[in-house]
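Remarks on the structure that follows.
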Amino acid sequence: MRLQQSEPRIPGRTDPADTDQVQSVTLPDVADKAGHPIWTGAYGQLDSETPAPPERAPLGWDRPSADTGLHLSYFIQWFLFAVGGFGFLAYVMVQEYRNLNQDDPEERERALDRQRRKDAKPKSDAEIEDELLTSGR
C-alpha cells in the first residue's frame, strides 16, 4: 500500500451530478460524498494484493483485442482514394497540355480525330431527347 496526497481540484471541472463520483481524488470532496468523516491527510493506493486476484483486469473488463479489425477496409478506402486522386491529376495534366498546345498542328489533328470518333458513336437516348426538346418538335 502506498500513501498518496490529496489531488488538487481541476479548474473548470465539476463532479458528475447525482453520482458518487468525484472529478479528482480531492479528499475533502470525497468526505462530502461519503457522508461520514474520513482522514483527509492522504489516501491509500493499492500496490499489490496477497493472494493475487485470479484475473488482473480492471473492474473485471477483458483486455482489449489486438486484432487489426477494420483497418484493412480503411487501407483499401484510402488506396482507392489515392488512385482516384492520381487519376484526376493525370486527367488535369492532359487537359492542360491540350489547352497549351492547341495551336500545334499535331495536336489539332489529334483533336479532330477525337471529335470524329465522338461523332461516329451512336447517340444515346438522352442526347436524342435533348435534340428533340431543343428543336421544338
Completion exercise
Of 31, 111, 120, the only residue that is exposed (fewer than 10 other Cβ atoms within 10 Å of the Cβ) and at pLDDT below 95 is 120
Exercise for the section: State whether one or more residues within segment 40-62 are within 30 Å of residue 3 (Cα to Cα), surrounded by 11 or more Cβ atoms within 10 Å (Cβ to Cβ) and at pLDDT 80 or above. Expected result: yes
Completion exercise
Selection from segment 67-106 of residues in contact with a helix residue (DSSP H, G or I) (Cβ under 7 Å, 6 or more places away or on another chain) and of a type in the set (D, E, K, R) yields 98
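The values are calculated or read from the model by the stated rules, or taken from the named source; none is laboratory data. Keep in mind that what you see is a predicted model, and the values were worked out from it rather than measured. Quick reminder, even Gly has a Cβ in these numbers, built from the backbone with ideal geometry, and neighbours come from all protein chains shown.
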